[in-house]
Every structure is written in structure tokens, then in C-alpha cells.
1. Considering every residue within the range 38-46, establish whether at least one is assigned to a helix (DSSP H, G or I) and buried (at least 16 other Cβ atoms within 10 Å of the Cβ).
2. Residue by residue through the range 48-87, note down the ones that are in contact (Cβ under 8 Å) with a residue 12 or more places away in the chain, farther than 21 Å from SER28 by Cβ and not polar (S, T, N, Q).
3. So for the range 14-32 (the condition being among the hydrophobic types (A, V, I, L, M, F, W, C), outside any helix (DSSP H, G or I) and over 16 Å from THR86 (Cα atoms)), does at least one residue qualify?
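No lab work stands behind these numbers, since they all come straight from the coordinates. For clarity, every value in this text was computed on a predicted model and none was experimentally measured. Glycine gets a Cβ as well: all are built from the backbone with ideal geometry, and neighbour counts include every protein chain shown.
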Amino acid sequence: MNCRRSRARDAEILTQYLQGTAWYIVYSTVLFELEGKIRDWVSGKDILFTLLTNMGEFVNHNLEFNGGAIEEMGLDDRHTLATMCTE
């Protein structure tokens, strides 16, 4: 699972349309391998807040999550994790 937010402004969209090309900055990716079993009372939001508290902010980075713990998570928790990473 990988998450990154990018926003194109009106001028950028017009330029890309007129030139027929699109250029995007590709930021480096930080991979989190989450192994183990997630307890029933731990949510995707808890995981993200714990990572940010322990490791700091990841401005201008792609965040990627992988491992057995992610595979165990339900769709709601994965969605929460992905959408909160972009904020």
C-alpha cells in the first residue's frame, strides 16, 4: 500500500494541456515493514500516530506500508491509514 497526495493548479493543468506533456516530481519512498499481530483495539489511526510520534514527520515523501500486520488489517483501517498519510 502506497500513499501520496499531489495537487495540480489551474495554470499547471492548462500548461500541461497546451504542451501535451505532464511532469511530476517523484519524491523518495519510505517503506514501513509492519510485522506481527495487531490487537483488536488498535486501529490504522493508532498505527500512523505511533509512527509519527516515534519517527517524526515525512514531508515530501511517499509512505509505503507492507508486511503481515498490514495484510491482517481490515479495509477500513487500510483506508484510514492511506488517507491520513496524505494530510
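1. Within the range 38-46, one or more residues are assigned to a helix (DSSP H, G or I) and buried (at least 16 other Cβ atoms within 10 Å of the Cβ).
2. Within the range 48-87, GLY68, ALA69, GLU72, MET73, ASP76, ASP77, ARG78, HIS79 meet the criteria.
3. Taking every residue of the range 14-32 in turn, at least one turns out to be among the hydrophobic types (A, V, I, L, M, F, W, C), outside any helix (DSSP H, G or I) and over 16 Å from THR86 (Cα atoms).
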